[in-house]
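A short write-up of the structure that comes next.
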Amino acid sequence: MTPTTEPTYFTAYVSLKLTRDAQGVLVAQFHTNNGPLTFTAQDHTDFVDAFYRIAQDRANKIVILTGTAGQFIPGIDFASFGDVADPSVWSQVHDEGVQILENLANIRVPVIAAVEGRAHVHSEYALLANVIVAGDGATFHDLPHFAGGIVPGDGIFTTWSYRAGAGRAEAFLLNPQPVAARTAHEWGVVAEVVRDGKALARARELASLYLKAPEVTRRNTRAHFVQPLKERIVREVGYGLSLEGASAADLVKSMKAKM
């Protein structure tokens, strides 16, 4: 049975609204002050715990990841991360970056991403879902990395190369441009393209469909499907974030030299 009272972690994160219906479908909604999320260092810290708690809570039968006000994750506050050339600062970024993806991969129930608008920051969160439903106007992008002067090492290459193929992922990340939902569908990244504003409703329909299967079947199917990607996360993301940290330090050094 799904508990009738909400767990305390539902209200613990400033940028993640968590709601769960009577069937155990958890909707995790990214937001900043109830508008589209501008991703911050505090979110980077909070999401480690949030995804761990979501995975741990067996009352969650299906998980839907989505955004707010027609946007998935459109922006990032770089300044909030502080001096990324400082090894102690990057050590935290490194460890949290690994843990976020590992904890997402450890969610042992079907995960659906309902993507509207811009998935321009941390689109790898959506790609860790089993199924992505995207609005027709949705776009996928990588704002924070190569275009900004740092290595795309935080798992975005791992997830995009796993879902779309290494060649497409490398071209996308070396010359980052918005990828339309229908192109992502052709690449096999997006499962369904729906009318704008309908992605969450379709995700709920799929959740109801998946709930018809026995619980152990649902949980074990997610575990089976995510295992190859989980293995790649363990092998690649810590290393990728180390390379990203070195490039971030070099970028800061070059910027200071121009001042």
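Annotations for the structure displayed:
- Rounded to 5, the percent of DSSP beta bridges in the range 83-195 classed as antiparallel: 20
- Among beta bridges that DSSP assigns inside the chain, antiparallel share in %, nearest 5: 30
- In this calculation the C-beta distance from residue 192 to residue 170 is compared with R0 = 22 Å, giving a FRET efficiency of 0.25.
- 12 Å beta-carbon shell around residue 221, net charge (K/R +1, D/E -1): +3
- The Rg/Rh ratio for the chain is 0.96, where Rg is the radius of gyration of the alpha carbons and Rh is the Kirkwood radius.
- Here the Kirkwood formula, the inverse mean of 1/r across different C-alpha pairs, assigns the range 195-259 a hydrodynamic radius of 16.1 Å.
- Each residue was assigned an accessible area with a 1.4 Å probe, and for residue 235 the value is about 150 Å².
- Orientation-averaged projection of the range 97-160 equals 4.4 nm² [convex hull of Cα atoms, one quarter of hull surface area].
- Sorted peptide list for 116-128, 220-232, criterion being average Cβ within 10 angstrom, highest first: 116-128, 220-232
- Residue-averaged 222 nm ellipticity for the chain, from DSSP H runs of 4+ at -39500 (n - 2.57), nearest 500: -15000 deg cm²/dmol
- Positive-pole candidate from 190, 180, 216, dipole of the range 130-259, charges at beta carbon: 216
- Å² of accessible area per residue within the chain, as computed with a 1.4 Å probe and no ligands counted: 45
- FRET efficiency estimate (nearest 0.05) - Cβ-Cβ, residue 83 to residue 182, R0 45 angstrom: 0.65
- Proximal lysines to residue 230, defined as alpha-carbon separation beneath 21 angstrom and excluding residues fewer than eight positions away on the same chain: 61
- Ellipsoid equivalent to the range 60-192 - semi-axes via the Cα gyration tensor, in Å: 23, 18, 14
- When DSSP beta bridges are restricted to pairs lying wholly in the range 23-115, around 15% turn out antiparallel.
- Computed label-point distance, nm, for sites residue 243 and residue 19 using a 7 Å Cα→Cβ extension: 4.1
- The fraction of accessible area contributed by carbon and sulfur in the chain is 55 percent, rounded to a whole number (1.4 Å probe; ligands and nucleic acids excluded).
- Computed from the C-beta positions of residue 252 and residue 45 and an R0 of 25 Å, the FRET efficiency is 0.75 to the nearest 0.05.
- In degrees, nearest ten, helix 215-257 long axis to first principal axis of the chain (Cα): 20
- Bins of 10 Å, starting at 0 and running to the largest distance - Cα pair percent for the range 20-134: 14, 44, 33, 8, 1
- Accessible-area value, residue 254, 1.4 Å probe, nucleic acids and ligands omitted, Å²: 50
- In terms of the mean number of neighbouring beta-carbon atoms within 10 Å, the peptides 174-181, 153-160 order highest first as 153-160, 174-181.
- Sequence-distant aspartates and glutamates (8 or more away, or on other chains) whose Cα lies within less than 15 Å of residue 198: 116, 136
- Here the range 127-221 is treated with +1 on each Lys and Arg Cβ and -1 on each Asp and Glu Cβ, and its dipole about the Cα centre works out to around 380 debye.
The values are calculated or read from the model by the stated rules, or taken from the named source; none is laboratory data. Since the model is a prediction, treat every value here as computed from it, not as a measurement. Glycine also receives a Cβ, built like all others from the backbone with ideal geometry; neighbour counts cover every protein chain displayed. Note: areas computed on protein heavy atoms with side chains; ligands, DNA, RNA excluded. Shrake-Rupley method; radii C 1.70, N 1.55, O 1.52, S 1.80 Å.
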